[in-house]
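Encoded as structure tokens, the structure appears first; notes follow it.
Every read-out reported here was derived from the displayed coordinates using simple, explicitly stated rules and does not represent laboratory data. Computed from a predicted structure; not experimentally measured. We place every Cβ from the backbone using ideal geometry, glycine too, and count neighbours over all the protein chains shown.
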There are 2 protein chains.
Amino acid sequence: VATPLQRFTSKTHVVDAAQIKAFARQFDPQPFHLDDDAAEDSLFSGLVASGWHTAAITMRLLVEGGLPLAGGVVGAGGELSWPRPTRPGDVLQVESEVLEIMLSFPKIISGHIGDAIQPGLEWRQWRQIVGLLDVRARLSVMPSA
Amino acid sequence: VATPLQRFTSKTHVVDAAQIKAFARQFDPQPFHLDDDAAEDSLFSGLVASGWHTAAITMRLLVEGGLPLAGGVVGAGGELSWPRPTRPGDVLQVESEVLEIMLSFPKIISGHIGDAIQPGLEWRQWRQIVGLLDVRARLSVMPSA
């Protein structure tokens, strides 16, 4: 891991059951994302958000100031994982860190993004990771001429 | 790469500008996903879908028969990339391939998922990849006792 170039912390977003079900109806219609009773009987023992919903909320938090890149946040790809599911009541916040700037063309930055849950006030005690993303993103630069 | 265990092909989904803008308003409010004129002046030279929208549509296609796993499609993580953006009019279809079944606990399958664009009837000629995902997913098995 290279020396961090810059770190950013996003605003927070509170996830609730209605958001989880609405996203699931549109993009991930599986019982553990759609229905409380069915979710209780699933391997998750309760309603959980689609991992793609967690990722989409992450993007919203990045775009709204969590990763202030002049030309926008344009990802090329990366490594993604969901160590724990997002549940109703979870408060998501994204911490990102620019790890490397590659002087290729187009300019690419490599970064690390973590989603954190903060349930309640003692969030430091309960802080748990629901998503991890190592990304390559396009970095816009001003033309030199 | 291991010998493919099984391959699946999903239904298709036609992406249009209204879907692209609706997803963007909720999760990725950047000009090249929201506004035709601003998108023309962007590095994409036209409206493009958020990469997370492409991923979410992929999940929908997988859940609706594109990856028929008995216990549902429950991803743990993977490597994701977007070689090209999804544009209005693109027809998405997901081809997936189970690469490996790891006999760990919980049971995990490793698979490769590709999104293909099929513009028009001559889709084989124009077939282009808009998303690639190498995933680890939980595989449900019946208890042996």
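Over the range B:1-90, what portion of Cα pair distances is larger than 17 Å, expressed as a whole percent? I get 57 percent for the Cα pairs in the range B:1-90 exceeding 17 Å. Electrostatic bookkeeping for B:Pro31 treats Lys and Arg as +1 and Asp and Glu as -1; over the other residues with beta carbon under 13 Å from its beta carbon, the sum is -4.
Relative to the other identical copies, B:Gly89 shows label-point distances of 5.0 nm, where the label point lies 7 Å from Cα along the Cβ direction and values run shortest first.
Each other residue within a Cβ distance under 15 Å of A:Gly46 adds +1 if Lys or Arg and -1 if Asp or Glu, for a net charge of -4.
Roughly how crowded by other chains is peptide A:55-67, in terms of the mean Cβ count from those chains within 10 Å of each of its Cβ atoms? Numbers along the way, then the final one.
Values: counts 6, 9, 3, 2, 9, 8, 1, 1, 7, 1, 0, 0, 0.
Mean partner-chain Cβ count within 10 Å for A:55-67: 4.
Extending 7 Å from the Cα toward the beta-carbon at both A:Thr12 and A:Ala70 defines two label points whose distance is 3.4 nm.
Between this copy and the others, label points of A:Val14 are 4.1 nm apart in ascending order, each placed 7 angstrom from Cα in the Cβ direction.
With a cut-off of 12 Å on the backbone N, no residue of the range B:35-75 is near the modelled label site 7 Å out from A:Ser45 along Cα-Cβ. Given axes a ≥ b ≥ c from the Cα gyration tensor, I'd like to know whether the range A:49-91 is rounded (a/c under 1.5), prolate (a/b larger than b/c) or oblate. It is oblate, given that a/c is not under 1.5 and a/b is not larger than b/c. Relative to the other identical copies, B:Pro31 shows label-point distances of 4.8 nm, where the label point lies 7 Å from Cα along the Cβ direction and values run shortest first.
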